[in-house]
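Just below is one structure, and these are the notes that go with it.
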Amino acid sequence: MIIFFPGSKFGVRYSIYSGDPDGYLTIDPISGTLRTSARVHIVIEDVNDNAPEFASSKVRISVRESEPPGAPLYTAHAVDKDSGQYGTVTYRLLTDGPLFRVEPKSGDLSLRSPLDYETAQRHSLVISATDGGTPPLTSNLTILLEVQDVNDNPPVFERTEYSVPVSEALPVDSQVSPLFYIILMISEPFSKL
Ligand SMILES: [Ca+2]
Ligand SMILES: [Ca+2]
Ligand SMILES: [Ca+2]
């Protein structure tokens, strides 16, 4: 409903009195010209334009060879700026699978089986971080793992029994072979070995 007010300078002033509760209409108070307006809601949809990012592409860690399987060694963490599944990161180990494992959600790196310094003193691991886009975007982290030695091997003889012929005329404190040095204790009855 449009009403006008007599008595203004030009005799009439227009105003919208009712029928437009949401305010879509405006009226010129002098000319009475009606105009419409509308609110427009713009929703910006995210796209997968950011790959997961590690703070550094390479890290070094040091692990004792005595660490038990399952012990946490390192936590890989990548940040993806996208939202929803486009920003959801899954971790995967690309190398050295038999010895190590990575938890896909947390990025926790742990041992599957024990390390052995005497077998391998270094391992180079690559962990990938992949988002949930289609196609997915991926970044890699290289972990240079150095194995710390621990004293886990007692001295061992190559054989459990050795036989070396020794002359009874051999002087005391003699070397009987390049490999063995035997101090003969001269006392009966063991002097005739
Ligand atoms: Ca995005
Ligand atoms: Ca992403
Ligand atoms: Ca060792």
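The values are calculated or read from the model by the stated rules, or taken from the named source; none is laboratory data. None of these values were measured; they are calculated from a predicted model. So basically every Cβ, Gly included, is an ideal-geometry build from the backbone, and we count neighbours across all protein chains shown.
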Going by the conditions given, is residue 35 basic (Lys, Arg), modelled with pLDDT under 95 and in a strand (DSSP E or B)?
yes
Any chance residue 52 is within 30 Å of residue 140 (Cβ to Cβ) and modelled with pLDDT of 95 or more
yes
Spot the failing condition for residue 61; the list is (1) surrounded by 14 or more Cβ atoms within 10 Å (Cβ to Cβ); (2) assigned to a strand (DSSP E or B), and only one is missed.
(1)
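Quick one: which residue in 80, 28, 20, 96 is of a type outside the set (Phe, Trp, Tyr), modelled with pLDDT under 95 and under 15 Å from residue 128 (Cβ atoms)? Write out each step before concluding.
Numbers: 80 fails: modelled with pLDDT under 95; 28 fails: under 15 Å from residue 128 (Cβ atoms); 20 fails: under 15 Å from residue 128 (Cβ atoms).
Testing whether each residue is of a type outside the set (Phe, Trp, Tyr), modelled with pLDDT under 95 and under 15 Å from residue 128 (Cβ atoms) leaves just 96.
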Of all residues in the range 118-155, how many are surrounded by fewer than 18 Cβ atoms within 10 Å (Cβ to Cβ) and more than 16 Å from ligand 2 (Cβ to nearest atom)?
19
Exception for residue 165 within (1) more than 16 Å from ligand 1 (Cβ to nearest atom); (2) touching a helix residue (DSSP H, G or I) at 6+ places or on another chain (Cβ under 6 Å) falls at (2)
For the range 45-69, what are the residues that are of a type outside the set (A, V, I, L, M, F, W, C), under 20 Å from the mean Cα position of the chain (by Cα) and near ligand 2 (Cβ under 10 Å from one of its atoms)?
50, 52, 53
Only one of these is outside any strand (DSSP E or B) and among the polar types (S, T, N, Q): 124, 139, 167, 128. Name it.
167
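Residues checked against (1) crowded, with 17+ Cβ neighbours inside 10 Å; (2) away from ligand 1 (no atom under 11 Å from the Cβ):
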{"residue": "43", "(1), (2)": "no, yes"}
{"residue": "46", "(1), (2)": "no, no"}
{"residue": "55", "(1), (2)": "no, yes"}
{"residue": "69", "(1), (2)": "no, yes"}
{"residue": "76", "(1), (2)": "yes, yes"}
Quick check on this structure: which one of 11, 19 is more than 16 Å from ligand 1 (Cβ to nearest atom), in contact (Cβ under 8 Å) with a residue 12 or more places away in the chain, loosely packed, with under 14 Cβ neighbours inside 10 Å and not in a strand (DSSP E or B)?
19
Considering only residues that are part of a strand (DSSP E or B) and within 16 Å of ligand 2 (Cβ to nearest atom), which ones fall in the range 86-117?
90, 91, 92
